[in-house]
């Protein structure tokens, strides 16, 4: 098993997208990239800790590769908006790849440069690519949030359509 850690806005969205992929064994919402040890959700949401909301993905590289995870990452959020995804605004919602090793770093940087060169997006990609600092798991009530709360307004209006789009685009990669 290997791990990948991505921030792409609200971690509920990121979790819901990646946990549907074949080869993904677990997705844990959490915080990374800040200055406070063991931050709380309230502290991170203040924007004062420097953390990003992230999802740490444990996957079987014999079934799904890191490159395939990066493809899903780039295609399921807007990597050109600084510190925001849709209505979620603040540094905690930044687009970030926290790499676990040099191979992940090189793949993330390569993919980012190829996307910028191809001008797939109208604006430049602002995704941060950094070594994974300490990862802090989010509080238990954030786990499996979308699956446990599908009728909650944020889930039905924001996450549901994102998951549906992902399932159409990546149908061959689903569990």
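Might you let me know whether segment 133-144 holds any residue that is in contact with a helix residue (DSSP H, G or I) (Cβ under 7 Å, 6 or more places away or on another chain) and surrounded by fewer than 16 Cβ atoms within 10 Å (Cβ to Cβ)? Yes: one or more hits. Of all residues in segment 85-121, those that are out of contact with any helix residue (DSSP H, G or I) (no Cβ under 7 Å at 6 or more places or on another chain), in contact (Cβ under 8 Å) with a residue 24 or more places away in the chain and farther than 22 Å from residue 13 by Cβ total 2. Looking at the structure I just gave you, is residue 77 within 23 Å of residue 19 (Cβ to Cβ), over 14 Å from the mean Cα position of the chain (by Cα) and modelled with pLDDT of 95 or more? For residue 77, the condition - within 23 Å of residue 19 (Cβ to Cβ), over 14 Å from the mean Cα position of the chain (by Cα) and modelled with pLDDT of 95 or more - is not met.
When segment 113-128 is filtered for residues that are within 18 Å of the chain's Cα centre (by Cα) and under 18 Å from residue 84 (Cβ atoms), the ones remaining, listed by number, are 125, 126, 127, 128.
The values are calculated or read from the model by the stated rules, or taken from the named source; none is laboratory data. Because the structure is predicted, anything quoted here is derived from the model rather than measured. Virtual Cβ from ideal backbone geometry, glycine too; neighbours counted across all protein chains shown.
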